[in-house]
Each structure stands twice: as structure tokens, then as C-alpha cells.
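Presented below is the structure to which this report refers.
Bear in mind these aren't lab numbers, they're just calculated from the coordinates by the rules spelled out. Here the structure is a predicted model, which is why all the values come from computation and not from measurement. Here the Cβ positions follow ideal geometry from the backbone for every residue, glycine too, while neighbour counts run over all protein chains shown.
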Amino acid sequence: MDESPRSPVENAFLAHIMVDKSTLTEDTDFERTLVDHRSVENIHRRTSDTKNFSESACLLRNVEEQEVCKMMNNEMMHAQAPGFIELRDVRKTYTMGETEIHALDGINFSIDQGEFVIVVGASGAGKSTILNILGGMDKATSGQMFVDGKEVSTYTPKQMTLYRRYDVGFVFQSYNLVQNLTARENVELAVQVSKNPLDVDQTIDAVGLRERKNNFPSQLSGGEQQRVAIARALAKNPKMLLCDEPTGALDYQTGKAILQLLQDTARSHNMTVIIVTHNAALTSIGDKVIRVKSGKIESISRNEHPMDIADVEW
Ligand code: ADP
């Protein structure tokens, strides 16, 4: 056993593992663990996995030790409290014969609850792949995804089904409406599998379809069908609303109205709304802008004062 005096960091770590019994196993050897984790870096890594570090900090009398504890605790909190949505080194590789296509090549980002986020990039950049993974429609080849404190990337297929049902609202580019149901029935269908839905008729009114709710999709224009698709996703009152080019099929004014509705919903319901688009003009309206290029994050920025949707032109 190493007899050398312990540094404050080592003492902090020792106090920590002695207090937090949940980290112990029958085979835990405190002193051995300490030697194994001599470097500050390793100690940080170890302690970031546990919950009760702040308790152990209280046990340390020495001021210097408490300072060290504070530093470690901050780091631990950072490691432990990911954003509402967090992607860590997410990769998606498609194999086509001999060729590998790296649709996502190490994606990292974090999104807060209630944020209105624009994911922008050229065609083929990987935007839809990100959205499909976020929405549980596709699984990453590797990497981690956390949503609301849970590691969704480890979910079983059954857990994934519930995740898609209760946590995610998806607005597809191609609408995906049920053709033999009316607009209202399409929205009602989604509400039936939701825990805490919004009012069907109010949501239909909000997307401006009050007069068309008894029409079938084939009787509606592309823009109107898109609005049904948005109402259907919104009415589920999901934790996050994922929209793939939601204004793609809409005329300019209707497109703006829909974006306004999506932004208002993020604000009023604290709903996280993520919009994928190739339209760079939309970057000025997002709280956060994630730029994607060739399967990688090109940049992530925040707009302290997002522009009014009415003032955006494209
Ligand atoms: P974006 O939405 O930005 O246009 P995508 O996420 O659709 O980009 O695609 C990213 C890359 O992955 C592209 O090169 C695309 O061709 C490729 N890709 C997407 N889906 C598949 C698939 N199912 N099989 C093979 N390659 C795919």
C-alpha cells in the first residue's frame, strides 16, 4: 500500500466513496481505488458517475479540500445534468455494398427544454438522420442520446415504441395523413394515444383549419394537409416536436403563420421544437441554431434576440 500523504483531491475522493455507499460493491477496496485514481482527471471521471458527491463535500473540514470539492462537484453536476436533449458522439453509418456512408460522423449537441431550435444545412448534410434518431424512428450506429434525463439510446424496442408515442410529435415532410379519415379524425387519432393531449378543436383552430376539419386529405391542398400534420403532432402535447421542412409545401404567408404557431407553442407550452430546414433565412428566428455539414456539426449558436417571424424574408 502506498504510504505517501494524500492530496486534498485524494482525500475528497476517499470521503466521497465512503459516503456514497451506492457506488460500493463487496469487492471495493478503498485504498486500492484511491491509488488507481490518483490523477485529478481520473477522479473527476469516477465521481461524475455518482449522485451524492455534495453530501461527502460536507464532511470535509479543511478549506482547501472544500475548494477542491467545489471544483469537482461543479464538474460532476455538468457531467450529470445534460441538457433536456443531449447527443454525444452520435454516428450513423449506412453500408451500401462495399461503401460506407457516414451520414452522421460524431454529432454532439445539447438542447434545453422549451427551446425553439433550427437545424440547418444543405441537402445530404444529415439533418433528417438527426431528426429520425431524435424521434426514435432510427437508431444511431454508436453514441448516446439523452432525453429528459433518460438515456434513450439504450432503450429496448418496446421502450422505443412508448417513447415515440408519448414523448415525440413528428411532422413529416410528406404529411403521412390517414387518407380515409377526415382532418379532425386524423388529429383525434393522435390524441387517443397521448397521456396529456391538447384540445382537438382548439388545435385545429390554431392552425387555421376550422372550416376544413371535416374534409378528407384528398380534398385539401398541400399546405392544408401540412397544417393537419402539424395539428396532429401538436395535439399530442409531446415533450418535443420535430419538424422536417415544415414549410416546404406552404406558400410564403402560410409558411410564416405556421412558423409563428410553432414558435408560440414552444413559448406557451414550454415545448421543445426542433425544425430541420435548408432555408438559411430561418436561422434568425431560432433560439438556437445548429449548422450541420457533411454529417458533422459545423457550428452551434444562440440568438439572444430571435427575429420576429413576421420580419423574416426569404
Ligand atoms: P439531409 O436531411 O440533410 O438532406 P440526410 O440525413 O437525409 O440528409 O442524409 C445524409 C446522408 O446519408 C446522405 O448522404 C444520404 O444519401 C445518406 N442516407 C440517408 N439515408 C440513407 C439510407 N437509408 N441508406 C443509405 N444512405 C442514406
(message) I want the local charge near residue 302. Using Cβ-Cβ distances under 13 Å, sum +1 for each Lys or Arg and -1 for each Asp or Glu among the other residues.
(response) -2
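So, by mean Cβ neighbours within 10 angstrom, what's the order for 265-273, 238-246, 96-104 with the highest one leading?
Ranking the peptides 265-273, 238-246, 96-104 by packing returns 238-246, 265-273, 96-104.
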(request) Please report, in whole Å, how far the alpha carbons of region 171-314 spread along each principal axis, starting with the longest. (result) 43, 31, 30
(request) Determine ³J(HN,Hα), in whole Hz, for all residues of region 281-296 in sequence, where each value follows from phi through the Karplus function 6.51 cos²θ - 1.76 cosθ + 1.60 and θ = phi - 60°; x replaces Gly and Pro. (result) 5, 6, 5, 6, 9, x, 5, 10, 10, 10, 9, 10, 9, 6, x, 10
